[in-house]
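All of the numbers you see were taken from the coordinates with simple rules; none came from a lab. Quick caveat, the model's predicted, so the values are computed rather than measured. Don't worry about glycine lacking a Cβ; one is built from the backbone with ideal geometry, like all the others, and counts go over all protein chains shown.
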Amino acid sequence: PLDSTAKTTLNLSTADLAGLPQTERVQRRTLASSDSASQPALEQSVRYSGVLLRDVLARAVPADNHRAARTLVFEAVATDGYRAVFTWGELFNSSAGEQVLVISAQDGRPLGTEQGPLALRALADLRPGPRHVRNLCGLALR
């Protein structure tokens, strides 16, 4: 386990995720230059492929006690120790859960060594950086 206080720990691999429903999400970003007065903003689209985080977690949450599962907090963990946290309500009871993706490919290509082999992004977040987990290695349920 990643942490002795974790109730359950999932170890992920691309092979494990292959059996789950696959999905794609496109994230559109507007990039502005430092000299935005003279240059227009640039629109960029990135296509992510992978599995919704809630589909992965549904396999680990006990099916016999959904009420208790509502108090769970899910922590995505990177190989370098970086962590991002999600609540049950956010993932399973809001539209934001449709945008939290365990990513295995970007723009049709497997993730490179800097990002993967797996990463996680919360695409609905206003600031995507804090919950972008590169080199995702596990999920802890608390």
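Are there GluC sites (Glu not before Pro) in segment 73-108 that DSSP puts in a loop and that have at most 10 other Cβ atoms within 10 Å, and which ones? For GluC sites (Glu not before Pro) across segment 73-108 that sit outside H, G, I, E and B with at most 10 neighbouring Cβ atoms in 10 Å, the list is empty. Rounded, prolate or oblate: pick one for segment 16-142, where a ≥ b ≥ c are the square roots of the eigenvalues of its C-alpha gyration tensor, a/c under 1.5 means rounded, and failing that, prolate if a/b is larger than b/c, else oblate. Because a/c hits 1.5 or more and a/b exceeds b/c, segment 16-142 counts as prolate.
Normalised by the number of residues in segment 78-124, the mean separation of alpha-carbon contacts (under 8 Å, six or more apart) gives a relative contact order of 33 percent.
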